[in-house]
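Working notes, beginning with the structure itself.
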Amino acid sequence: MQPGVRLSAMAQSMFQPISQEKVSDAVVRQIESLILDGVLRPGDKLPPERELAKTLDVSRPSLRDALLELETGGLLVARQDRKRR
């Protein structure tokens, strides 16, 4: 776009601002999809936290945030040994 050229009102209404997605939200979406698609089934154990974070290429705190959100939503259950299923 040339300097000083304004977008028309119609163009302004077509485009939405781009927002950065939190890493933990992306992890939640991925795990939710695996559950809803039947890839992960009730009773399946997730890999250890360190391994899962490495596989997903995310930090462990981001992974913990995502797992907590999934637990709160009832999609994961942390057992006494804190292994999520």
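The values are calculated or read from the model by the stated rules, or taken from the named source; none is laboratory data. Quantities reported herein were computed from a predicted structural model and do not represent experimental measurements. Methodologically, a virtual Cβ is constructed for each residue, glycine included, from the backbone with ideal geometry; neighbour enumeration extends over all protein chains shown. Side chains are part of the model used for accessible areas, which takes the heavy atoms of the whole protein and leaves out ligands, DNA and RNA. Shrake-Rupley method; radii C 1.70, N 1.55, O 1.52, S 1.80 Å.
A few comments on the model shown:
- Counting only protein heavy atoms and using a 1.4 Å probe, the accessible area of Glu69 comes to about 90 Å².
- Counting Lys and Arg as +1 and Asp and Glu as -1 over every other residue whose Cβ lies under 15 Å from the Cβ of Ser33, the net charge comes to -4.
- For Leu36, the solvent-accessible surface computed with a 1.4 Å probe is close to 140 Å², ligands and nucleic acids excluded.
- Applying 0.36 nm per residue to the separation of Gln30 and Phe15 and subtracting their alpha-carbon distance, the gain on full extension is 2.8 nm.
- Per-residue surface analysis assigns Ser8 an accessible area of about 60 Å², computed on protein heavy atoms at 1.4 Å probe radius.
- Using distinct alpha-carbon pairs, which all enter the 1/r mean, Kirkwood radius of segment 27-69 in Å: 10.7 Å
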